[in-house]
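J.: Quick one: the structure is below, questions incoming.
Only the coordinates and a few stated rules stand behind these numbers; no lab work does. Predicted, not measured: the structure shown is a model, and the values here were computed from it. Here the Cβ is made from the backbone with ideal geometry for all residues, glycine too, and neighbour counts use every protein chain on show.
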Amino acid sequence: MRNARIMVVEDDAFTRTTLTESLNHTGLKVVASVGTAREAIAAQIATSPDAAVLDLDLGTGPTGIDLALALRAHNPEIGIIILTSFRDPRLANPNLPPLPAGSIFLNKRELESVQALAIQISVVLVNPLTRRSMPWNRKNTYGALSDKQIEIMKAIADGLTTSEIAKQRGISEQAIEKTISRICANLEIPKSADKNQRVQIVRAFFHGAGREI
């Protein structure tokens with residue numbers, strides 16, 4: 001798919017420049033490289049890209065998924081690649097909207113090269129609307145977690161106690177403890193006299209978010 005027209009949307013200027021230059025070297029043609037959703041909408045109108053590579057986290061305001069939906073409203077067949085440091089995007093926000101049909105979600109840390117990214121861009125260029133599995137349904141250990149469990153993991157990582165989580169969700173503390181047990185089982189966090197399970201959950205959450213503690 002040489003000379004395919006690509007838009008890059010990344011709020012970090014260094015990453016945006018590096019990604020743009022690298023993609024151009026693969027034979028793709030980056031026709032727009034911007035840092036905000038507002039700029040991306042204007043760039044789509046001006047340049048009519050065939051595909052867009054979007055960062056999930058664009059800072060304050062719309063997410064990469066929000067932007068993807070807006071781009072599709074203007075061009076129903078634009079190819080969509082969303083990049084993220086999260087091993088499961090639900091760890092960024094459990095309430096993210098569904099991806100537009102055919103979108104590909106890629107973990108930045110698991111991309112081996114810009115050529116690997118270019119291959120995925122070629123996939124969405126050829127079949128922009130093909131139904132695809134979410135990343136947590138493939139090789140992602142976080143895929144065993146329900147949305148509710150993800151939400152409770154985040155609450156624990158935010159420092160909330162079992163009592164506080166129960167009050168927020170309007171359920172019993174016993175129900176929260178059961179959910180925590182299921183989280184530990186799904187993530188294979190064992191009970192141990194020398195390791196606090198809640199601490200291990202927090203570590204697992206930040207590991208999934210691409211940050212180590």
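J.: Using only Cα atoms, figure out Rg for segment 5-137 and give it as a multiple of 2.2 N^0.38 Å.
T.: Ratio of Cα Rg to 2.2 N^0.38 Å: 0.94.
J.: What's the center-to-center distance, using Cα atoms, between segment 50-114 and segment 151-192 in Å?
T.: Here the two parts' Cα centres lie 28 Å apart.
J.: Would you calculate the separation in nanometres between label points at A73 and N93, each defined as 7 Å from the Cα along the Cα-to-beta-carbon direction?
T.: Simple spin-label model gives 1.5 nm for this pair.
J.: Now for a separate question. Pulled fully out, how much extra length does the chain show between H207 and N127, if you take 0.36 nm times their separation in residues and subtract their Cα-Cα distance?
T.: Computed gain between H207 and N127 is 25.6 nm.
J.: Using modelled amide H (1.01 Å from N, peptide plane; none on Pro or chain starts), what sits under 5 Å from the amide H of I80, excluding residues fewer than 5 places away?
T.: Amide H neighbours of I80: A52, I104.
J.: Give the lysines reachable from K191 as a straight Cα distance under 22 Å; neighbours fewer than 8 places away on the same chain don't count.
T.: Once the sequence-local lysines are set aside, what remains near K191 is K148, K154, K178.
J.: Tell me, Kirkwood radius of segment 145-208 from alpha-carbon pair distances, in Å?
T.: One decimal place: 11.7 Å for the Kirkwood radius.
J.: Once you place label points 7 Å from the Cα toward the Cβ at K178 and E164, how far apart are they in nm?
T.: 2.5
J.: Treat each spin label as a single point 7 Å out from the Cα along the C-beta direction, and report the D147 to A101 distance in nm.
T.: Each label point is offset 7 Å from its Cα along the Cβ direction, giving 2.1 nm.
J.: Computed FRET efficiency, Cβ-Cβ of R109 and E21, R0 25 Å: what is it to the nearest 0.05?
T.: Efficiency at R0 = 25 Å is approximately 0.75.
J.: Students often check this: by mean Cβ neighbours within 10 Å, which of 108-115, 12-19 ranks highest, and how do the rest follow?
T.: Highest mean packing first, the order is 12-19, 108-115.
J.: While we're here: Using only Cα atoms, find the angle between the long axis of helix 13-25 and the longest principal axis of the chain, and express it within 0 to 90 degrees, rounded to the nearest 10.
T.: 50
J.: Report the relative contact order of the chain, percent, no decimals, based on alpha-carbon pairs under 8 angstrom and at least 6 residues apart.
T.: 16
J.: For the chain, what is the percent of antiparallel DSSP beta bridges, rounded to the nearest 5?
T.: 5
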